[in-house]
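In what follows, a single structure is set out as structure tokens and then discussed.
Every number here is computed from the coordinates shown, using simple stated rules; none is lab data. Computed from a prediction, not measured in an experiment: that's the story for all the values here. Here the Cβ positions follow ideal geometry from the backbone for every residue, glycine too, while neighbour counts run over all protein chains shown.
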Amino acid sequence: MKKQFYMGRLVKPASNMIIAMLMLLPLIGVAQPLLAAPSDLSRPPTLPWETLKFEGSKFLISLDAEIKQEIISQSQAIEELYQQETEQAKPKQPNADWVIKTQIKTEVLGNKSHYTAWHNPDLEILQRTTLYSGFNNWYRNYRFMADQVHSQKIEPAAGENDKPWYQWSDIRSSLHDYRPASESLQGIYQSMALSESAAIFSALTAIKEVDDRQTLQIFNRRGNFVVTLTAYDSRSIKAAFQQRVDDKKSKRNYRAKALAIRVDAKPLDTQQKKTEFKFLGYKNSIVIYYDPELKLPLRLSGEVDYAGHVQIDLKKVRFSSEPK
């Protein structure tokens, strides 16, 4: 059964919401700015890596994550982005000659997800798609506008589970406001580019030593988050992974002086339905162990549904050029 509908949702201001936002101001103020866009936006940067593969297990439960980053041209991005307009607004478009495209694939307990995000150079999100398969099958596309996001969720109707997602016929569309109605809160939202959790991998490159910090505003349909990455310690950890440059493969084993980076997420809108911030399936106590020399995340740890505290380690990396 095919369903189509549009539904606007306004964020209602409240006094305790304003108080909560004021409490967040010191956090936002002391954080380092987002990655500065290059002065020449016609020349895309060289990414420190192209693909990462992490593996881990606990209680015979395996957890796998694969991340792919690439720079695509403005014309390719426009071709891939959903371009339907609404009566109220037009979709955001690339603001440079290139766009950062990040794909994340995860698998836990037979459930697979394939997440793709398109970001501008300042890490502003343009579009996010997610495909889930396993116990539940569904696809969702979020296309971002100036103050709204168009959501399209597609699920298989009866007898369609074995078909690819683009042949599913149960389609629901909705339109949401993601800026608060209160003028007193507009400035806080608009001072930070709206981003997505995939941008965390790009933000890491600006963290070089203990006490460095990066702050992002991360979209969530039930209320956005202020996500702060803080390098709180330097630790020696063992790193062992297969690396690939062009067609050359080799093994790398070394003792890394890694920055322990804590990922703190606070909801901006306390009036919305309670929701959890998640990153690669982690939801609490998230720590990234990051090698600032190679610009590589080597290990992630945190709380995962059904398994508790889990650690995954980098096992494979493909570099875009020979690492130093």
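Miscellaneous remarks
- Spin-label pair ARG43-GLU160: with each label point 7 Å from Cα along the Cα-Cβ axis, the two points sit 4.8 nm from one another.
- Where a label projected 7 Å from the Cα of SER75 along Cα→Cβ would reach, residues of segment 92-125 with amide N under 14 Å: 97-98
- Per-residue Cβ neighbour rank within 10 angstrom, fewest leading, ASP162, ASP64: ASP162, ASP64
- Sorted peptide list for 278-284, 304-310, criterion being average Cβ within 10 angstrom, highest first: 278-284, 304-310
- Length released on extending from GLU85 to GLU322, taking residue separation times 0.36 nm less the Cα-Cα span: 81.0 nm
- Were the residues from ILE171 through LYS112 laid out at 0.36 nm apart, the gain over their Cα-Cα distance would be 19.2 nm.
- Cβ-Cβ FRET estimate between ALA307 and ALA193, R0 fixed at 25 Å, reported to 0.05: 0.15
- FRET efficiency for the LYS105 to ASP211 pair, using the beta carbon distance and R₀ = 56 Å, is estimated at 0.95.
- Too-long pairs where the Cα-Cα distance tops 27 Å, listed order kept, from LYS58/LYS315; LYS283/LYS316; LYS68/LYS278; LYS251/LYS283: LYS251/LYS283
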